[in-house]
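Heads up, the thing below is written out as C-alpha cells.
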Amino acid sequence: MPVIYTIVVTYNGKKWLKTTLDALSRSSITTHIIVLDNASTDGTVEIIKQFEKVELIELDSNLGFGAANNIGISLAIKRGAEFVFLLNQDVYVFETTLEQLVEELKKSPFVGVLSPIQLAPGGKELDRTFARYLKRARKKMSPEGWMKNLETGKVQYQVPVRFVNAAAWLIRMDCIQKTGLFHPVFYHYGEDNNYAARIQYHGYHLAVLPTAAVIHDRPQQPGDPLNEWRRKLQTIPLYTLLDIRKPAWLAKFLAKRKLNRLIKAMPATADVSDQELIRQMLSWFSDKAAEAQTIRKYCASDQHHTFSNHPGE
C-alpha cells in the first residue's frame, strides 16, 4: 500500500470543511490527512477537530497557500510519503478519486503532477475555469464532451496540459525532491503557475486523468472586475518573468508586455493603492531585477535541499 499524504490548507473555510473531510474519510484508499489552518476566525478549527484521524496544525498567522502547503509537504516527506495530494478546502473528492489518481501515477514515471477533472457545484458540468485549461489542451473536445467521457470512460489515458490549478494535485515524491517546494515570492495565486513551469523544466509532465473527478465548490460567475484585475496584475507578469522554461530575456520581454497590457486595462474604479501596486510590479524590471534572476536560478537548480528555506525567507 503506497504511503499517501493529503494536505489541506484552510482559511475561514467553515462552510466547506465538514463536506471536504467527510468525503476524504470515505476514500477507497488510505491517506494520512494534514490540515494546516491559516489562523481562521470563523470556527474552521472547531470543525476540523471533530475529525479524530485528521492531523491539525494551527498556524499563528495567514501564511498564504504556498507557504502553508510547504509545511505540510515537508512533514509528509520526513514521514516517508510516496505521494502528496494537495486539496483545496472547497474541493470534494469522490470515493475512488484518489485511488484512481494514485494507480495511474504509479505507472507514469514521467508525470510529476496528476489532476482529476474539476466539476462545478452539483457535479453536472465542468468548473468554469477548469474548462478553459482543458480547452487549451484539447481544442476539439467541448465541456459536454469531457462530461460524457467522464461517464463512459472512453478516454482513459492521461491528457497532458501546460497548466491546471492546484485545487487537487497528486504529486509524486521524486518530482518534489527534484523541483522543490512552492516559492515564497507568491503569497496567494500564481504559485501553482510557477510550480507547473518548474516541474516541466525539470523533465516532468503535468496531466489530467479524464476518468477521475472532484467537485470544486466555488462560484461559477466572474468575480468583481477590479479584484480580478488586481489578481492578474499581481501574478501574471511575475510568474511569466520567472518562467524558467523560457530564456531570461524572452521571459522578461513577455512579462513586461503583459504588465503593460494590464496597466492599460486598469478599471476606472481603481484607486491610489492600485497605482502603488503597479509601481511594485514595475520594480521587478528595475531595482528588483537581480532578485528575479536569483529566483530563476534557484528554481532551475535540482541541487537544492527540499527542507532548506528558499532564498529570502
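The values are calculated or read from the model by the stated rules, or taken from the named source; none is laboratory data. Keep in mind the model is a prediction, meaning the values are calculated, not measured. Reconstructed Cβ throughout: ideal geometry from the backbone, glycine too, with neighbour counts over all protein chains shown.
Computed values, structure above
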quantity	calculated
Output for the range 110-149, where each listed residue is touching a Pro at 6+ places or on another chain (Cβ under 6 Å) and at pLDDT below 85	Asn149
Residue in the range 158-167 that is buried (at least 22 other Cβ atoms within 10 Å of the Cβ) and assigned to a helix (DSSP H, G or I) present	no
Test: residue in the range 216-239 that is closer than 25 Å to Asp174 by Cα, surrounded by 12 or more Cβ atoms within 10 Å (Cβ to Cβ) and not aliphatic (A, V, I, L, M)	yes
Selection from the range 43-87 of residues that are among the charged types (D, E, K, R) and within 20 Å of the chain's Cα centre (by Cα)	Glu82
Strands (runs of 3 or more DSSP E) wholly inside the range 40-152 that include at least 2 residues being on the phi < 0 side of the Ramachandran plot and buried (at least 17 other Cβ atoms within 10 Å of the Cβ)	83-88, 91-93, 111-119
Pairs with Cβ under 6 Å, 6+ apart, first in the range 30-44 and touching a residue at least 60 places away in the same chain (Cβ under 8 Å), second of a type in the set (Val, Ile, Thr) and surrounded by 15 or more Cβ atoms within 10 Å (Cβ to Cβ)	Thr31/Ile4; Thr31/Thr6
Among residues of the range 222-261, those that are in contact (Cβ under 8 Å) with a residue 12 or more places away in the chain and under 20 Å from the mean Cα position of the chain (by Cα), counted	17
Yes/no for Ile199 being assigned by TED's automatic domain parsing to the domain that holds Leu86, aliphatic (A, V, I, L, M) and in contact with a Cys (Cβ under 8 Å, 6 or more places away or on another chain)	yes
Residue check, Thr129 of a type in the set (S, T, N, Q) and within 19 Å of Leu17 (Cα to Cα)	no
Residue match in the range 179-199 (condition: at pLDDT below 95 and charged (D, E, K, R))	no
